[in-house]
Amino acid sequence: MPDVFRLVYVDLATASLEKAEDYYTDVLGASIVAKTGRETYLSLGLDHHNVSLCAEPNPGLNAIGLQLCRDVPLADLAKRLKDSGVANHLRTDSRPGVPALLEIPDVGGHTIHLFAAIDQPAPGFSASGIVPLRLGHVALLAQRADELLSFLTNMLKFRKTDWIGDPVTFLTCNRDHHVLNVVQAPVTGLHHIAFELRGLEHHVQAMDRLAAEKRPILWGPSRHHAGHNLATYHHGPDNLLIEFYSEMDVFIPDLDSFEPRPWHDDLPQRPKHWRIEQMTAWETQYEFDFLTVSWGVRVPSTTNAAL
Ligand SMILES: [Fe+2]
């Protein structure tokens, strides 16, 4: 069993806190739960935050937050990681709503937060805006992808659920087809973040709202092969790529396959290697270069020798 069971938040640096707040509240429909100087914490409905914004000159991904399973005490995990040579720091009250977290400061160039609990003030789902169900997954670009994949699978016990070509690996810690997507890339950064919608009609409503906001759809709507989710992409604040998706494959770990669907290529549909040209089942054009998109690129740091 994986040590974590869900992605809770992304911590984003933004060059314009005000514009980013406007997008996540007015367009997306998130609620501001806390503000601390140059930081803003936004909830989609239940958790204290699912997106946190920090005003910084250079946009980028500061961290992702993963919640630990009940039977994985934070202190035990900290010791296990330390014994394995993985640098980590126990932080208390370092961010609102999260009493204690374990920070893994550099795994494949990315920072991961692990925590047992996050406050759930439940501001509720907004009455306006697109109002997604949840933050579903994050796609990470990594020059040191092998290091990141090793950490996720060996230390946190993520399962690999699909591949696209050589560079793209999908991983899950629950029944979603993917919670993380790791891309071996020439740069380290963030490819996209993804919010789950209720279904096709919700995609239509979301696209109409984005059109009203003069935010063009960059790709889609389409159905991916890997994960078979319906997906549309647009640029959010700071030109961050944001995906809306629904109907993602449901993973059955004990069968190492996905719940069957009429649009599956194989029955049973198992984790497999898809070709890079199989990005979409609907042949809708994929306009942006998957390998060289460079949002939030960070300067590579030293390799974590343990991974
Ligand atoms: Fe995605």
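Read-outs throughout are calculated quantities, based only on the coordinates presented, and are distinct from any laboratory measurement. Because the structure is a prediction, the values reported are computed rather than measured. Methodologically, a virtual Cβ is constructed for each residue, glycine included, from the backbone with ideal geometry; neighbour enumeration extends over all protein chains shown.
Listing for the model above:
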{"quantity": "Inter-label distance, nm, simple model (7 Å from Cα along the C-beta direction), D22/D254", "calculated": "5.2 nm"}
{"quantity": "Label-point gap, in nm, between A127 and L46 - each point 7 angstrom along Cα→Cβ", "calculated": "2.3 nm"}
{"quantity": "Residue-averaged [θ]222 nm for the chain, counting only DSSP H segments that reach four residues, each worth -39500 (n - 2.57)", "calculated": "-3000 deg cm²/dmol"}
{"quantity": "Kirkwood Rh in Å, taken over region 134-278 so that all alpha-carbon pairs contribute", "calculated": "15.8 Å"}
{"quantity": "Ordering of 51-60, 207-216 by burial proxy (mean other Cβ atoms within 10 Å per residue, highest first)", "calculated": "51-60, 207-216"}
{"quantity": "DSSP bridge orientation in region 4-115 - percent antiparallel, rounded to nearest 5", "calculated": "75 percent"}
{"quantity": "Volume in Å³ per residue [convex hull over Cα atoms, computed for region 210-260]", "calculated": "87 Å³"}
{"quantity": "DSSP beta bridges in the chain [antiparallel fraction, %, rounded to 5]", "calculated": "75 percent"}
{"quantity": "Residue of G236, G227, G124 that the Gaussian network model of the chain assigns the largest fluctuation, springs spanning Cα pairs under 10 Å", "calculated": "G124"}
{"quantity": "Of all DSSP beta bridges in region 131-207, antiparallel share, percent nearest 5", "calculated": "75 percent"}
{"quantity": "Exposure proxy order (Cβ contacts within 10 Å, fewest to most) of T232, T169", "calculated": "T232, T169"}
{"quantity": "Ranking of H203, H225 by count of other Cβ atoms within 10 Å, fewest first", "calculated": "H225, H203"}
{"quantity": "Length-normalised contact order for the chain - Cα pairs under 8 Å, 6+ apart - percent", "calculated": "18 percent"}
{"quantity": "Descending semi-axes in whole angstrom, ellipsoid equivalent of region 94-179, from the Cα gyration tensor", "calculated": "27, 19, 12"}
{"quantity": "Alpha-carbon spread of region 4-115, three principal axes, descending order, Å", "calculated": "45, 29, 21"}
{"quantity": "Whole-number percent relative contact order across region 1-154, with pairs defined as alpha carbons under 8 Å at least 6 apart", "calculated": "27 percent"}
{"quantity": "Exposure proxy order (Cβ contacts within 10 Å, fewest to most) of F170, F125", "calculated": "F125, F170"}
{"quantity": "Selected from A34, A145, A63 as most flexible by GNM, with the chain as the system and alpha-carbon contacts under 10 Å", "calculated": "A34"}
{"quantity": "Cα-Cα separations in the chain greater than 27 Å, expressed as whole percent", "calculated": "39 percent"}
{"quantity": "Relative contact order (percent, whole number), region 134-278, Cα cutoff 8 Å, 6+ residue spacing", "calculated": "25 percent"}
{"quantity": "Amide H contacts under 5 Å for T161, placed H, 5+ residues apart", "calculated": "F170, L171, T172"}
{"quantity": "R0 of 35 Å, Cβ-Cβ distance D166-A15: FRET efficiency to nearest 0.05", "calculated": "0.60"}
{"quantity": "For region 224-290: rounded, prolate or oblate by the Cα gyration tensor [a/c cutoff 1.5]", "calculated": "prolate"}
